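The numbers here are math on the coordinates, done by the rules we state, and not lab data. These figures come from a predicted structure and were not determined experimentally. As a convention, Cβ positions derive from the backbone with ideal geometry for all residues, glycine included, and neighbour counts pool all protein chains shown.
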């Protein structure tokens, strides 16, 4: 193993030389988004691999090397990395790890430190760890999150949101099982090719692509039946990662549900918006806030493109804009609540209710600090405001068993089923938009 | 009796719970024509199939029926055998809708679940979260602990006179509350009633979440059907009389039957069930033994670690007695001068160690009149009472006793692990001194007794049950969390078709993993020790021992008296310290021995502790339940070297000053503990009369308990509900409790955040306390970290509520507030250093009791500061010394103000021989998962001992006492090394 360079904190530096031939391992979270982002990195010259290893070994490694009371995502992600390093699949002298670092008052800002501690304990001290962050917490010589990469990543997130949204709305009803999955694969490949040719990420190209994407999904043959509509919200990792939530999406599919998972772009917007909000609340960081405002404007345009495109196809339910989602929590929780998922979690629950996905699973790691406040802490208030809200909070941790989780979800679903059966507002739930296979429901105004 | 008309379609409902199967068969009028209730001992498919065959036998004409299954344990089977499944809470609702249409609230307790259904005014169904331990299983555990049946428990509770506080969150906590009560000799009937009260408390606190339980209330499920006193307990708490209907056991089964709408062929279902070879797909780990030969070799190796037994009948000479009055068992060992065992005794502690030891001594004196007892020593939970009762010569802390014993087997021992009934105790030995102690925190205790309860539930003795796992081929991977979670892991494994053998092996392995990864947390890079002695009753099970060796990949020593080591060590200690004759009661005195127990309320201070007074013959008394030494010594505690006490008294000085703008309330919790000087000064200057909420108390907590939305948040946060409630009830119209992302910036870290809970708890208060309609809660987002911007920002917020407050006023008041805050901190530091100086002059140890500012609340720290002070050491807090440490690089992101002080304090004391750090950690504090490791690392680097105490709503100080005594005992043994560096001159003080 070559001699590693260390910075003043003793951390191994990921050098420019390493960037040439090291394989960077990234833990998987949201599969569609991450495979798009992966291709952005690959085409920027990095060797990247998304970790999808699972099984008891992952949790075992996590339990061994991470404090057991630490949040479950940290335990899983670090466990997954160690499990991978020990698997023998990688040349450890040519391997680096990447982990995101959010910043903010939540424990999550500490993941990278916990990872380094774990690596040291496990004897992998010389493996470089790259922090992926936008808040300037740590920088690496060999890995630079350049502006073109950022643009492509943002576009990747928007495409990811679109593909996730559309396949969630189509998959439960498709006549030929697997149609939407195939379409998602098709598009991830196609978009990756575009990124590689430095295309596909400008606002203009985004609009064109999105239009093609939505239209391709509209062509899938479906058979619409009345299904329970479930919103999945919660801590970001557990919400998206099947490793974290015991394959929640598959379970719900098996229970004959249609699901909605709020997009990743909202979380990015929320993080950027927090910078603006902090300046407003506490008066400092005005310059940062200006930069953030510009970035937010750009992101809002990207999101706008997605919303407008989906709206052109009345068979689909378009997401709401970030500003609209944010407005929902007025008088419910303050926007100053911005550690972890913060107010966005509360807002997403309300958004789900508004969108007709009032049966909500609020997923969180056991003992997740912000979720005491914005998740469990707000359920009572949300239910008080809107009787359609049927929310079940589910805790995830190494020993929370699936049978208990599923049992609680089934209870929520039983109530949902009853509401569905007795509901006269089912049609209203579509809010004017209609099921893809039922053009007769299509109100004329939606066609514009 | 059972008449069956041909062609009639019956309805069958099955409720398969965690321990029992309930079944009902309904005729076309929906009347019950058959019902049954039986335990399934985890063999679910087998019993279900038998049950259906039985129905076929009684109703031969009934070939088809509308059948549905409910209950969490039946979920997987229903899926596999294509039988419709109805979620159990939902089933209850269906049944209630038909049978009890006018019910308002249903409370249903099952084997492991607690449920509340609100039926009227907005239907809601709630189940306990995965954290709260089950109720039926919990009461089973308690009954095991008390060594009585559930029926007896119910009878006992009838004659109760007093209710003790037992933590209501989870079974394991409750257990550690009950144990000391038992050891103190509290009446069993009171304990039984207190257990029921705790269950009630847990159900209400965990499930009501702010919603009042009133109207017509229905009690369902096994515990509420069989235990009339539990119903009474609910009645008392809810101030109502609930109804336990006739078919209260069968509501879920009835609901399933009512909901069943698919006609199934019974023969076919039975066939499916018989053929239902569960996939056997679960996460498995490698087997314990490769085969019989492997096991024999293992037995041979462990057979070598043996202490010799001497024949007592022929021995005439000096002997010593060691007693280990443990949490679940009493052990006694008598040794001769060579340390060989003359006689030993091991018996479950049926709640009171005194009669057991009395019987032993009397018997011993009678049988062996030629043996002279030279010295006696007692250790363990019951140390104090036993010592008083029998005039035992010495009492030593358990850790010391175990070390003494282990050294006898392995002189070079460097690590001891003891897994007993309730506790895991481990200690590292460095240079002949107990250097680091690991005790299980309240959340993972009960390992041995868990195996026991589980064995009982499956109808096995513990040793038979553990032995089942020895040759299991695919042990279930059951995880390593606290034992309550294991219950549900086992449920999952059953669902997945794991055999009893594999479950047994899995449980043994879990016990080991729990000890390793929850308590010791070793890493591969640094083995926990090279010479390991294992002991404690739990290791007598070969499966557990093997699992331990496999997990650590090291061969360990298990003495042949693994269950007696504490007592053996105590006996060795007695022999070493023998001076002439023992003070222990002789045969004569034993004959006259008597023991009575009284319960009295101490009136010597405002704490009003519930005292248990044990009186023995000869006028000896033992008082327990006291928080201070006053009822024992009749002296007020000396608090002059206790900074926690001083801090509290300083805060008390901030009294209301009448002002023209009226009253404003501050809830005394979380960050308010430190910011009181700031807010008090600011608001007083602005013309408000600042009213702080009353001192925390158990009652104050209970008053706010029903509005807590998250049962896993830390106790200091939960307590805040009570404080706000108290202010509302005092009629305070405006309550000020701002959200604060940031704390004051002390420049010691990368940032200066509050933790998420401290930062945003006001949001939770605002969203979940219905009574706030009566008051205005000001909970805007405020930043105090920037003194320049603060006045304008604060003014813009405050003028929304008080438009006449002018900016200039705020500027003036803020200046004073920042001044008052700085004065407060410097006053604490001044006093802290004064204490340090005094302690050094007197040559006393100084403990830095490190935590958060709000840990000075006696309801949160349970008087731990006073307990430490009682050992004659001085106490300061982390903020006194952290100030003097310049900012340094930590291995974690150092971004919270309060937590940066912990790192600073740890760094400061690293080279101070007379200072040691004890960290208070609130259970459920996520941030401390990070800080505790870092503080330990900092101390480890300098060879300092790290001690952590987890606190929750529990009031049991027994474990804390052991920890502190062990720490102090270890310090005593350390070389006196004032100012000396790491020169290895090892002359430990005896």
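Values as computed for the structure displayed
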read-out: Inter-centroid distance (Cα atoms) of the stretch A:300-376 relative to the stretch A:110-151, Å; value: 29
read-out: Calculated [θ] (222 nm, deg cm²/dmol) that DSSP helices of n ≥ 4 give over chain B, each run adding -39,500 (n - 2.57); value: -12500 deg cm²/dmol
read-out: Residue A:387-residue B:98 FRET efficiency (beta carbon distance; Förster radius 25 Å; 0.05 resolution); value: 0.55
read-out: Relative contact order (percent, whole number), chain B, Cα cutoff 8 Å, 6+ residue spacing; value: 10
read-out: Taking only Cα atoms of chain A, radius of gyration then Dmax in Å; value: 21.8, 70
read-out: Alpha-carbon centroid distance for the pair the stretch B:813-835 / the stretch B:21-68, whole angstrom; value: 73
read-out: D (Stokes-Einstein, µm²/s), Kirkwood Cα radius, the stretch A:252-317, 0.692 mPa s at 37 °C; value: 233
read-out: Alpha carbon centroid spacing (whole Å) that separates the stretch B:718-765 from the stretch B:238-308; value: 46
read-out: Length gained when the stretch residue B:588-residue B:43 is fully extended (0.36 nm per residue, less Cα-Cα span); value: 190.6 nm
read-out: Listed peptides A:143-155, B:895-907, A:261-273 by packing density, highest first (mean Cβ within 10 Å); value: B:895-907, A:261-273, A:143-155
read-out: Per-residue mean of C-beta atoms belonging to partner chains within 10 Å, peptide B:925-936; value: 5
read-out: For peptides B:56-67, B:960-971, B:565-576, B:531-542, sequence by mean Cβ density within 10 Å, most packed first; value: B:565-576, B:531-542, B:960-971, B:56-67
read-out: Pair residue A:280, residue B:823: separation of 7 Å Cα→Cβ label points (nm); value: 3.8
read-out: Ranked by how many other beta carbons lie within 10 Å on average, peptides B:13-22, B:587-596 from highest; value: B:13-22, B:587-596
read-out: Cβ-based exposure ranking for A:344, A:420, in which fewest neighbours within 10 Å come first; value: A:420, A:344
read-out: Prolate/oblate/rounded call for the stretch B:843-973, Cα gyration tensor, a/c under 1.5 rounded; value: oblate
read-out: Residue mean of other protein chain beta carbons inside 10 Å, B:761-771; value: 5
read-out: Residue B:30-residue B:293 pseudo-label distance in nm [points 7 Å out on the Cα-to-Cβ vector]; value: 6.7
read-out: 222 nm mean residue ellipticity, helices alone, for chain A (DSSP H n ≥ 4; -39,500 (n - 2.57); rounded to 500); value: -16500 deg cm²/dmol
read-out: Peptide B:776-786 - average C-beta neighbours from other chains (10 Å radius); value: 3
read-out: D (Stokes-Einstein, µm²/s), Kirkwood Cα radius, the stretch B:105-244, 0.890 mPa s at 25 °C; value: 164
read-out: Rounded D (µm²/s) - the protein assembly as shown, Kirkwood Rh over Cα pairs, Stokes-Einstein at 25 °C, 0.890 mPa s; value: 72
read-out: When chain B is reduced to its Cα atoms, the Kirkwood hydrodynamic radius in Å; value: 31.0
read-out: Pair residue B:300, residue B:553: separation of 7 Å Cα→Cβ label points (nm); value: 2.5
